[in-house]
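Student: Okay, here's the structure, questions in a sec.
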Amino acid sequence: MSSLNQIAKMVSKKLISIEIIFCFAIGLAYFYADNLHRELIHQQNLSMDFKIYPSTIPENQLLRIDEAKKLYHSAFDDGVYYGVIYPEKLIKFLKHAWQWDKNAMPYYYKLLGWKDFYDERGKEDGIMMSFDEFMRKYRDQIVDSAGNPLVEPIVFKNVEMRGYLWDKFADLKYPYFAYRKSYSYAPRWFDEQGMMPPSTDEQLEKSIEYLNYAIEGGYHCYEALTARILFQEGEHYKDQKYEQLNKLTEYRKVLKSDDLKQAIDYAQLMAEHSSIIGILRMTEAYFYGLGREQDLIKAYAWSLLSDYAKQKIIEIDNNLAWHAYQLPPVWEYNKEIQNRLEQMLTPTEKQAALDYLETLKTKIVTWDYNEWRDQIDDFHPKP
């Protein structure tokens, strides 16, 4: 009986040893397979051409940022059925994307990400076909101006290339990409308490750099730019609910006087396009003497312009000057400064402020700040 027990124990130990060896072998196989996979990807990436090419399309025919967006959305549905709406427009769009038209390329990446979600039910709502069917039918029409067949750039065959390209395009000052890259530095995400953590000065300066590239390319992102310049949070508000407004007196202490003045110059440009936060910054600038020489009469006039803008918003029955949920703290702080000024100014000075208010009204270019902020100035894109 004891010999049988010994035999059983020996068999059990051998089985355990075999299992250990088997598990080890599987683990080793996975390890080598994973390394092989990584090596293959590395080899593939090494063999890919990562060079950034200028577009072969004449500069005056390149798509502007808004044009590329509109052309893409008129050609392909990426919201419901993920199919081709208008083949002729998609042909035009692909000609631009495949010839390195930088403003078309990000939307082609979007198309590649959505095309496999095609839903045939879309045919009932005007979706003509899937992208794959489109390519079978129209591939021979994707040609250059001389009629030569175009080849899809190899950068589109690896989705990992997208981030690389976007960074490179931003560094080359293409405005679409520079604007988006600015947000990769600052502001940061809200914390668990719904507060915006401060960004480092280095993060803010990098964000400012790319926002300036975007503005050079026609963007009106002065609201974001002034916030990055002025405040450590990189935003005009401290919190996610837009209840705690950053005040101009809380500007970053590392700012030089020229930087502060420039931020107020941008704020004035915003104010002249009916930006409520821009008008408030002008009131603060003249009241505290920050970025402007202190002038209580002008500060009072700007505060009255804020009241006028508030009434204008009510009259047009629409929030064109900012977003409604952001406005209450601005009205409250403006009234606080205004009340203080009314205690400081003489009747003659108040009248002077009323006269200056009429001048300020004539400088308002538009009462639809949101529309102006979202506009991109017309310019010839770089190839």
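Readers should treat all values here as calculations from the given coordinates under stated rules, not as data from a laboratory. Quick caveat: nothing in here was measured; it's all calculated off a predicted structure. Cβ atoms come from the backbone with ideal geometry, glycine included; neighbour counts cover every protein chain shown.
Student: State, to one decimal in nm, how far the label point of Thr200 lies from the label point of Ile154, with both points 7 Å from Cα in the Cβ direction.
Tutor: Once both label points are built, they end up 3.6 nm from each other.
Student: Residue by residue through region 174-186, which ³J(HN,Hα) values in whole Hz follow from phi under the Karplus form 6.51 cos²θ - 1.76 cosθ + 1.60 (θ = phi - 60°), with glycine and proline marked x?
Tutor: Result, ordered by residue: 5, x, 4, 7, 5, 4, 6, 5, 4, 7, 7, 9, 7 Hz.
Student: Next up: Amide H neighbours of Val143 under 5 Å, at least 5 residues apart or on other chains, H built in the peptide plane: list them.
Tutor: Counting only residues 5 or more places away or on other chains, the set is Leu150.
Student: Taking 8 Å as the Cα distance limit and 6 or more residues as the minimum spacing, I'd like the relative contact order of region 205-302 as a percentage. Please report the intermediate quantities before stating the final value.
Tutor: Numbers: 123 pairs, mean separation 19.1, N = 98.
Reported relative contact order: 19 percent.
Student: Check the straight Cα-Cα distances from Lys361 and name the lysines below 28 Å, setting aside those fewer than 8 residues away within the same chain.
Tutor: Straight-line reach from Lys361, under 28 Å: Lys247, Lys261, Lys298, Lys310, Lys312, Lys335, Lys350.
Student: Same structure, new question: List every residue whose amide H lies under 5 Å from the amide H of Tyr237, counting only residues 5 or more places away in sequence or on a different chain, with H placed 1.01 Å from N in the peptide plane.
Tutor: Asn246
Student: Over what distance in Å are the Cα centres of region 144-170 and region 223-269 separated?
Tutor: Measuring centre to centre over Cα atoms gives 38 Å.
Student: In Å, what Kirkwood hydrodynamic radius results for region 151-237 from the alpha-carbon pair distances? Display every interim value, and only then the final one.
Tutor: Details: mean 1/r = 0.0725 Å⁻¹.
Across region 151-237, the inverse of the average 1/r is 13.8 Å.
Student: Efficiency by 1/(1 + (r/R0)^6): what FRET value for Leu354 and His323, r their Cβ-Cβ distance, R0 = 22 Å, to the nearest 0.05?
Tutor: Numbers: r = 30 Å, r/R0 = 1.34.
Between Leu354 and His323 the formula returns 0.15.
Student: Listed highest first by mean packing, meaning other Cβ atoms within 10 Å per residue, what order do 75-88, 151-164 come in?
Tutor: Highest to lowest by the protection proxy: 75-88, 151-164.
Student: Of the listed peptides 307-314, 284-291, what is their order by residue-averaged count of other C-beta atoms within 10 Å, with the highest listed first?
Tutor: Averaged packing, sorted descending, gives the order 284-291, 307-314.
Student: Averaging sequence separations of C-alpha pairs under 8 Å and six or more residues apart, then dividing by the length of region 90-154, give the relative contact order as a whole percent.
Tutor: Details: 38 pairs, mean separation 25.8, N = 65.
So the answer I get is 40 percent.
Student: Which far-off residues, 5 or more places away or on another chain, put their amide H under 5 Å from the one on Met129, with H placed in the peptide plane?
Tutor: Amide H to amide H, under 5 Å and 5 or more residues apart or across chains, Met129 pairs with Val84.
Student: Rounded to the nearest 10 degrees, what's the angle between the helix 257-271 long axis and the longest principal axis of the chain, both from Cα atoms, 0 to 90?
Tutor: The helix 257-271 is inclined about 80 degrees to the chain.
Student: Which peptide among 368-375, 139-146, 171-178, 336-343 comes first, and what is the full order, when sorted by highest mean count of other Cβ atoms within 10 Å? Each step should come with its number before you reach the end.
Tutor: Values: 368-375: 16.9, 139-146: 12.1, 171-178: 20.6, 336-343: 14.4.
Those peptides, ordered most packed to least, come out 171-178, 368-375, 336-343, 139-146.
Student: Please say if region 244-354 is rounded, prolate or oblate, where rounded means a/c under 1.5 for a ≥ b ≥ c the square roots of the C-alpha gyration tensor eigenvalues, and otherwise the choice is prolate for a/b larger than b/c and oblate otherwise?
Tutor: Note, shape of region 244-354 comes out oblate.
Student: Starting at the first residue of region 69-77, write each ³J(HN,Hα) from the Karplus equation 6.51 cos²θ - 1.76 cosθ + 1.60 with θ = phi - 60°, in whole Hz, x for Gly and Pro.
Tutor: Going residue by residue, I get 5, 5, 5, 4, 6, 7, 9, 9, 8 Hz, with x marking Gly and Pro.
Student: Please give the helix 2-47 orientation as an angle from the longest Cα principal axis of the chain, in degrees from 0 to 90, rounded to the nearest 10.
Tutor: 50
Student: While we're looking at this one, here's another question. In whole angstrom, how far apart do the alpha carbon centroids of region 349-383 and region 105-135 sit?
Tutor: 42
Student: Continuing with this model, one more query. For the pair Met344 and Glu192, how long in nm is the line joining their label points, each one 7 Å along Cα→Cβ?
Tutor: 4.2
Student: Can you give the FRET efficiency to the nearest 0.05 for Glu250 and Tyr53, using r as the Cβ-Cβ distance and R₀ = 51 Å?
Tutor: For R0 = 51 Å, the calculated efficiency reads 0.65.
Student: Measure nothing but the geometry: give the 0 to 90° angle between the long axis through the Cα atoms of 296-316 and the longest principal axis through the Cα atoms of the chain, rounded to 10°.
Tutor: Once rounded, the angle reads 60 degrees.
Student: Sticking with this one: Separation between the Lys261 and Glu120 pseudo-spin-labels, each 7 Å from Cα along Cα→Cβ, expressed in nm?
Tutor: That separation, rounded to one decimal, is 6.9 nm.
Student: Considering the values [x] 54; [y] 40; [z] 46, which represents percent of Cα pairs over 32 Å apart as calculated for the structure under consideration?
Tutor: [x]
Student: What relative contact order, as a whole-number percentage, does region 244-352 give when Cα pairs under 8 Å and 6 or more residues apart are counted?
Tutor: 24
Student: For the pair Glu67 and Arg136, what calculated FRET efficiency results from E = 1/(1 + (r/R0)^6), where r is the Cβ-Cβ distance and R0 = 22 Å, to the nearest 0.05? Can you show the working numbers first?
Tutor: Details: r = 28 Å, r/R0 = 1.25.
E(calc), rounded to 0.05, equals 0.20.
Student: Tell me, what ³J(HN,Hα) does each residue in region 200-205 have, in order and in whole Hz, if you take phi through Karplus 6.51 cos²θ - 1.76 cosθ + 1.60 with θ = phi - 60° and put x for Gly and Pro?
Tutor: Result, rounded to whole Hz: 6, 4, 5, 5, 5, 5.
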